[in-house]
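Only the coordinates and a few stated rules stand behind these numbers; no lab work does. In this text the structure is predicted, and so the values were computed from the model without any measurement. A quick note on method: Cβ atoms are made from the backbone with ideal geometry, for glycine too, and the neighbour counts reach across all protein chains shown.
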Amino acid sequence: MSLNSWEQMCLDRNKALTLISCVGASFFVLVTLVGEELRLGSVSLVIGGMGATGAVYLVSTAPRRAVRVAAFQQTLEAPSFAASSNIYLRSTSSRSKTLLMLRADEPRLKSFLADVRRHVLLGYDGPTAVHGALPQERVFSESVKTVLDSVLGVDRARVEEGGDELDGILNSSNLDEETKLPLFIAVSFFLPIMLMLFAAMNKGGGLAEIAALVILEAVILDITLGISGSSVAWGRGGKA
């Protein structure tokens, strides 16, 4: 099990493992005791194991889902973020002033930009301000990372002259390739229809069958969400 998303959310690895283990064991004991009260016999152990597995899966993947959702939201902001960066660079010819004027709506990206502005006002240059704001913990979109790298890579002479660096900020090809959001939308739309048709063809109208289909749908959507996103690789000091 990968714990990278736990680290991205600033959660301790050892505490994460302890929490996951406690949740799994608690669900196993609880479901098994309920099964024994209902006199299910050895079946209660199987149900307890399934319940513990489901609980462990939900808890262990919760940070990853939060990172994916944040990455989607940041990617949606990336085109306007790139356009505003380009405009600010051309009008101010300054990376620091551009960083001071950049804004975002996504909460983690918004807090990151606020820390960047604080570092700039304290006298740090652009690259130091960005790296000091710990982008690896709050910038989850590859598109936003590309825009920030482009801003930091443009010097004053190139800003005044214009050139490929500024034009590259507005290049939307990388933005389109970053996420497979249409795949997630398509699966979200067609999956319930296919499951209802499957239930109708098999004449499964019982409560257990419906619950199983709902759980199956949730698992498939969660897997699709993981496939649809992209991860941002930050190195030491926030550098890619």
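At a glance:
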{"read-out": "Anisotropy class of segment 7-155 from Cα gyration tensor, a/c 1.5 cut", "value": "prolate"}
{"read-out": "Where labels lie 7 Å past Cα in the beta-carbon direction, separation of Leu19 and Tyr57 in nm", "value": "2.0 nm"}
{"read-out": "Inter-label distance, nm, simple model (7 Å from Cα along the C-beta direction), Ile223/Asp12", "value": "3.5 nm"}
{"read-out": "J(HN,Hα) series, segment 113-122, from Karplus relation 6.51 cos²θ - 1.76 cosθ + 1.60, nearest Hz, glycine and proline x", "value": "5, 5, 5, 4, 4, 5, 5, 5, 5, 7"}
{"read-out": "Where labels lie 7 Å past Cα in the beta-carbon direction, separation of Leu30 and Leu197 in nm", "value": "3.8 nm"}
